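No lab work stands behind these numbers, since they all come straight from the coordinates. Source: prediction; values computed, not measured. Heads up, the Cβs are rebuilt from the backbone with ideal geometry, glycines too, and the neighbour counts pull from every protein chain shown.
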Amino acid sequence: MNKEEAFLCCMILSCASDGNFEKVEASTLLTISSRFPIFKKLPKSLSLIIEEVKARVANDKTEDYLLKDISVSLSKNDREVALVFATIMIFIDGTINEKEKLFLSKLSSFLEIDDERFDALTYPFAICYEENNIMDVLS
């Protein structure tokens with residue numbers, strides 16, 4: 001998995017973490033992947049990547065394997081970027097539920113992002129909900 005695929009895979013898993021892949025999430029993925037220059041290097045179409053990730057998670061229950069692949073594909077700084085991308089995708093529908101919070105916690109563990117750095121990276125999202133910590137945000 002290359003860096004671009006790792007970022008997208010991370011965002012797709014984030015979208016699906018609550019059990020629903022909302023239209024707004026798919027639209028945001030399309031917008032991000034079509035407007036950010038980094039995603040111009042994708043070897044496959046976005047729709048194909050989305051379908052592959054969804055199929056792997058649904059059929060094989062391989063989320064942990066995907067998270068491990070994401071982690072080993074990215075540098076330390078890129079793992080932090082992946083967490084921010086994932087957080088954007090989770091908040092894009094305007095809510096965060098317990099499944100999504102658990103996913104973010106699991107993701108940060110796989111990405112080897114400690115609690116202090118996690119709080120710093122996700123703080124901008126928490127303050128949008130008048131909280132100091134993303135885990136205190138209730139949907």
Taking the simple approach of a point 7 Å from Cα along Cα-to-Cβ for both PHE39 and ASP115, what is their distance in nm?
3.4 nm
Subtracting the Cα-Cα distance from 0.36 nm times the residue separation, let me have the gained length for SER75 to LYS106 in nm, one decimal.
9.4 nm
So what's the convex hull volume per residue for the Cα atoms of the range 3-136, in Å³?
101 Å³
Give the range of the longest stretch in the chain that excludes all trypsin sites (Lys or Arg not before Pro) found in loop regions by DSSP and having at most 15 other beta-carbon atoms within 10 Å.
62-139
Under the rule that an exposed site lies in a DSSP loop and has at most 11 other Cβ atoms within 10 Å, name the longest stretch of the chain with no GluC sites (Glu not before Pro) of that kind, not counting the sites themselves.
1-111
Leaving out same-chain residues fewer than 8 places away, which aspartates and glutamates sit with a Cα under 14 Å from that of LYS23?
ASP93
Which aspartates and glutamates, if any, have their Cα less than 13 Å from the Cα of LYS99, not counting same-chain residues under 8 positions apart?
ASP18
Identify, among MET11, ASN133, PHE39, the residue whose Cα sits farthest towards the positive end of the charge dipole of the range 3-136, taking +1 on the Cβ of Lys and Arg and -1 on the Cβ of Asp and Glu, with the dipole about the Cα centre.
PHE39
